[in-house]
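Below you'll find the structure, written out as C-alpha cells, and then a few comments.
The values are calculated or read from the model by the stated rules, or taken from the named source; none is laboratory data. Just so it is clear, the model here is predicted, and its values are computed rather than measured. Note that each Cβ is placed from the backbone with ideal geometry, even for glycine, and that neighbours are counted across all protein chains shown.
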Amino acid sequence: MRWCMCVLLALSACRAEPRREAMVREQIESRGITNVAVLAAMRKVPREEFVPAAMRSLAFRDGPLPIGRGQTISQPYIVALMSELLEVKPGDKVLEVGTGSGYQAAVLAEMGAEVFTVEIVKELATTAEERLKRLGYGRVKVKHGDGYLGWKEQAPFDAVIVTCAVEPVPPPLLEQLKPGGRLVVPLGEAGDTQTLVVLTKDAQGKVHRRDVAPVLFVPLVREEKP
C-alpha cells in the first residue's frame, strides 16, 4: 500500500511539472520577474501540495486561492514579486509574518534562506509545519503566535516579509530587521487596495520607503486579549 501511494504521488508530481513550467513562463517571466533563484524556486516548489486537495486542479491559476480560516495562498506572480523584492541570498535569515499554507516560506527556503515563519491561526501553523517537513523543507521553522510581535528570540533578520496587510508597519518587525536589511509588506487598510512597499534600513537605522505596486491582501490578525 505504501509503495502504491509513493507511485501515485510521483505520477501526480510528473503531471504537475509542465503546468508549473507554464505558470512560471506565462504568469511570472512574462511580467518581468528576472531573478534566476526566484524563477528556479517557483519551478521547483510543488504549489499543488500547498492548496486544499479539492482545489488542486486550480493550483496554477493566475490568482489567489482560499486555504481555510479566511486565509489565502497568494497569486503565483505576487509570491514571485515579493521574493524578488526581498533580494534573498543563500544563508540569509528571513522572518515571515503569515505562514498560511507555507508556500511562500518554501519558495524562500528553496532560494537558500533560513526561514522563521509565524502564523496566528493554530490549525494553519500545524498543517503548514507538517507539510513543509513532509516535503523536505527542514530549514523552515514554524511558530504559532502573533506575527505583529515578530520572533524576537531569533532576531535579527536579514529580511522580513509580511504576507498580510498592515497599517502602519508593526514596530517590532523594524526593530528585528538588521541594518542593511529589507522589509517587504502590503501597507493599507483591510478591504481597500493596499500598496506593496519595500522598506530598507540603513546603517544608521533610518528607514527608506519604495512603493512598488497596488495589491490586495487579507489583513493581519492579532491575538485577542483575554
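A few notes on this one:
- Flag for GLU223 being at pLDDT 95 or above and surrounded by fewer than 19 Cβ atoms within 10 Å (Cβ to Cβ): no
- Apart from one condition, PRO168 fits all of (1) surrounded by 22 or more Cβ atoms within 10 Å (Cβ to Cβ); (2) more than 18 Å from GLN104 (Cβ to Cβ); the exception is (1).
- Which numbered condition VAL36 fails, given (1) surrounded by fewer than 21 Cβ atoms within 10 Å (Cβ to Cβ); (2) more than 26 Å from LEU183 (Cβ to Cβ); (3) of a type in the set (A, V, I, L, M): (2)
- Residues satisfying the stated conditions in the stretch 181-206, i.e. over 11 Å from VAL160 (Cβ atoms) and among the basic types (Lys, Arg): LYS206
- LEU39 vs. criteria in contact with a helix residue (DSSP H, G or I) (Cβ under 8 Å, 6 or more places away or on another chain), among the hydrophobic types (A, V, I, L, M, F, W, C) and modelled with pLDDT of 95 or more: yes
- Within the stretch 105-146, considering residues that are of a type in the set (S, T, N, Q) and more than 14 Å from THR163 (Cβ to Cβ), the one surrounded by the fewest Cβ atoms within 10 Å (Cβ to Cβ): THR126
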